[in-house]
Each structure stands twice: as C-alpha cells, then as structure tokens.
Amino acid sequence: MRRTTSWPQDAEVVDISGLTLLPGLIDCHDHLASHGYELTRRWGLDEPQSTRHLRTATVLQHTLASGYTAVRDGAGLDAGFKLAVEEGLIPGPRLMLSLRIISPTGGLGDSVSPSGHSCWVPSDPTLPESVANGVEAVRTVVRTMIRAGADVIKCATTGGASSRLGHGPKDSAFNPDELRALVEESHALGRRVMCHALGGPGLRTAIEAGVDSIEHGCYLDEDPELLPMMAERGIFFVPTFTVYVFHRERSAPHMRVRGRDLQPHHVESLGRALAAGVKVVAGTDAGGHMHHINARELQYLVRAGMSPMQALQGATGWAAECLGLARDIGTIQPGKLADLIVVAGDPLQDITLLQDPQRIKLVLKGGEVCVDRRAEQAVYPLPRPPAS
Ligand SMILES: [Zn+2]
C-alpha cells in the first residue's frame, strides 16, 4: 500500500480510535475582553484594570479548552493578550485582533451613555480612539489601529440591537466615500475589513465599498440585490445568531424589541445567502452575554437551515478563509499547522455535543497538546437546553 503521508521517525502516535478528529474550531466574531452589557461593565468602571485583564485571561484559557483554537476578536482585546499567548504566558486560541470599532460620531464606535455623557475612562493607547469623520480622518484612524496591532479592521455602518436609542439596526453611519476610503486604506496595508451592518442603506454602503465580511447582516433579505453581490465579491456572512437570543430575552426593552423584529429576517437571510452561494461562517458575538460556549452558534446555524456539515465548515474551513488564514488552518491537510480537536461522538449526528467540554478530549494548537481529557472519566450530561 502506498503511504500518502510521511511523519518524522520520533513522532508520537496517539490512538484516537472511536473518537472523531476535526480541525480546531474558529469563532469569526467574539469579544474576549468583554464581560457584560451593563454600562459599568462595558466601560470598565466596576473593577480595577488588573482584575479585568485576569478575567479576560481566564476567558482565553477556557475558550481554547472548549475546542476553539482560533478566534477573531471583534473589538476590545488589545495586542498584549496576543503577545502573552504567543509567548506562552497564558493559554489561549490563535488570535486575530481588530482592537476597536471604527465609526463616525454617533455610530457604534462612539461611546455615549443614555444620558449623553461620553465615556470618561482614561484613553488607552493600545485601544486607540476609533471615531472618524471624513475621508482623511478615516484613513488616519485605520493607520493608527494598525500601528497599535490590528490584524483586521472593524467598522460599523449601521446601529445594532444593543446600540443606543435612536441608532438602530437600519440607521446608517458613514457615507460611501468614507467607507471606500476605509476599505482602500485597510487593503493597501494588508488588512481585511469586517463590517458590522444589520440593514438599511448602511448595509448596502458596506457591500458596495467591498468590505470582506458582513457581521450580523440580519436584514439582508430585504434587498434582493445584495446577496448575489456578496457572492460575486466573495464577501463572507457572519450572522452571529447567539447574541440575538440574549437580546430577545435579557436585554433592555428597546433591545428586546429590535432582537425580536430581526429574528425572522435573520433566518430568511441565511437561507437566501446559502442559495446565492455566499459563504456563511460562525461567530457568536460573545462577550456581553456569555463565554466559552461558542459552539452553541453551530446549533443555531443548523436550526436556521444549515446542514451540520455546513455549520462545521462555517467554524473550520470557511472560517479560516474568512480570516485569510486558509493556508495555515481550517482543514486537516499536510503542510498546515496542526490545529486539531478530538471529540467523543459524531457532531454530524448531534451538533450540540461540541458544547460539552467533557467531550472535547484533545485540543492541539500548532501540533502541541493544550488540553488532554482522555484520562478523565466520561460522563456526558445533555447540553444545557438552549434558549430558543
Ligand atoms: Zn460584535
């Protein structure tokens, strides 16, 4: 028999018979340094910075241990965490950072309280000011973000479920000239653009300007031209269903209303995106609502109409493409970095089993074993019932 793979003489052979080998999971939209939606939490007013950082380090560790070997952070995590993971000071997933959300005044990146006060927390040079008005200011902020360590540029062209009253999911931010400048500058400096856009004119502005992924995209179903345009341009769709379950059930009243209104559109948008040939990838938008149950998003993707295999691709191969890391991670192939997980059970039969840390028997990042639960006595409780 011809051997198609070769390995070093001293390689360790790990017997995983009876278990399932998968590429390490990837979350395309997380907020690892966010720990709640209450204003005092969001603005970091309720505890010392050191406590907050240690809390974030714990989240990184648990997220890796739950099988997520790579995470794209949608704002909040600074470059020091990436350095700490790379130096081995703390365990954590491979990180792709955006630092902060770029928007104009009044947009998502502009921290204004319901009373109209601006956030007075001392500015942090590792998370640069992200409000920009006008083409030149936008270019400067992109450059500043990259100087501070951004691997990807995050912007927002609409409000969202959790944004302030008066700036909702279909209210736009940035004019087409500003957004084109943002995309052009980011691409010129080798960075992709992930754009928070839910619906209305701002969603079109983002797609026409050529961003690389649409985050949330709840009302894509309302304009039939947009999805074919995304497919043609290779723009990824990151729906983030998980966060809206939280907003429908536990957020402030105006956020619950927004969360309920967008739900049927969101599901419809997913179906149409798949039909149009848009690649849909998994992102939780975790941070405000929960941490390290990132695989719950796969359950929601399946419930909204993806096959279990499509949902898995959305958290592995397609996700790696979305991040621009397909050469190194996302599939199990010779020549790639060995980001792998070994799972008890078949996720194609039951996608929810990925939410149970006890079933994640091995986690390897770059060929190194980070988590080994093979010796642990296995008890598999049913995963907690998902909030519907
Ligand atoms: Zn987000």
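The values are calculated or read from the model by the stated rules, or taken from the named source; none is laboratory data. Note that the structure is a prediction, hence the values are computed from the model and not measured. Neighbour counts are summed over all protein chains in view; Cβ atoms, including those assigned to glycine, are modelled from backbone coordinates with ideal geometry. The protein model used for the area step is the full one, side chains on, heavy atoms only, and it has no ligands, DNA or RNA in it. Shrake-Rupley method; radii C 1.70, N 1.55, O 1.52, S 1.80 Å.
Data table
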read-out: Candidate set: the range 224-259, residues that are open to solvent by 40 Å² or more (accessible area, probe 1.4 Å) and more than 19 Å from SER162 (Cα to Cα); chosen: the one modelled with the lowest pLDDT; value: PRO224
read-out: Criterion: within 16 Å of the ligand (Cβ to nearest atom) and open to solvent by 20 Å² or more (accessible area, probe 1.4 Å) - qualifying residue of ARG94, ARG42; value: ARG42
read-out: Lone unmet requirement of (1) open to solvent by less than 20 Å² (accessible area, probe 1.4 Å); (2) farther than 16 Å from CYS322 by Cα for LYS170; value: (1)
read-out: Pairs with Cβ under 6 Å, 6+ apart, first in the range 223-237 and without any contact (Cβ under 8 Å) to a residue 60 or more places away in the chain and at negative phi, second of a type in the set (A, V, I, L, M, F, W, C) and part of a loop (DSSP other than H, G, I, E, B); value: LEU227/VAL278; MET230/VAL278; ALA231/VAL278; PHE237/VAL278
read-out: Every residue from the range 97-121 that is of a type in the set (A, V, I, L, M, F, W, C), under 21 Å from ILE146 (Cβ atoms) and open to solvent by 40 Å² or more (accessible area, probe 1.4 Å); value: LEU108
read-out: Selection count, the range 278-296, where residues are within 13 Å of the ligand (Cβ to nearest atom), within 21 Å of GLN310 (Cβ to Cβ) and open to solvent by 10 Å² or more (accessible area, probe 1.4 Å); value: 1
read-out: Selection status of THR63, of a type in the set (S, T, N, Q) and either surrounded by fewer than 24 Cβ atoms within 10 Å (Cβ to Cβ) or out of contact with any His (no Cβ under 7 Å at 6 or more places or on another chain) (or both); value: no
read-out: Residue match in the range 260-270 (condition: of a type in the set (Ser, Thr, Tyr), in contact with a helix residue (DSSP H, G or I) (Cβ under 8 Å, 6 or more places away or on another chain), open to solvent by less than 20 Å² (accessible area, probe 1.4 Å) and farther than 19 Å from LEU220 by Cα); value: no
read-out: Verdict on VAL257 being within 16 Å of the ligand (Cβ to nearest atom), in a helix (DSSP H, G or I) and either in contact (Cβ under 8 Å) with a residue 24 or more places away in the chain or β-branched (Val, Ile, Thr) (or both); value: no
read-out: Counted residues, the range 297-326 - those being outside any helix (DSSP H, G or I), closer than 15 Å to PRO239 by Cβ and open to solvent by 40 Å² or more (accessible area, probe 1.4 Å); value: 1
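A quick yes/no check of all residues on (1) under 20 Å from the mean Cα position of the chain (by Cα); (2) under 13 Å from GLY210 (Cβ atoms):
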{"position": "CYS155", "(1), (2)": "yes, yes"}
{"position": "PRO176", "(1), (2)": "no, yes"}
{"position": "LEU182", "(1), (2)": "no, yes"}
{"position": "LEU189", "(1), (2)": "no, no"}
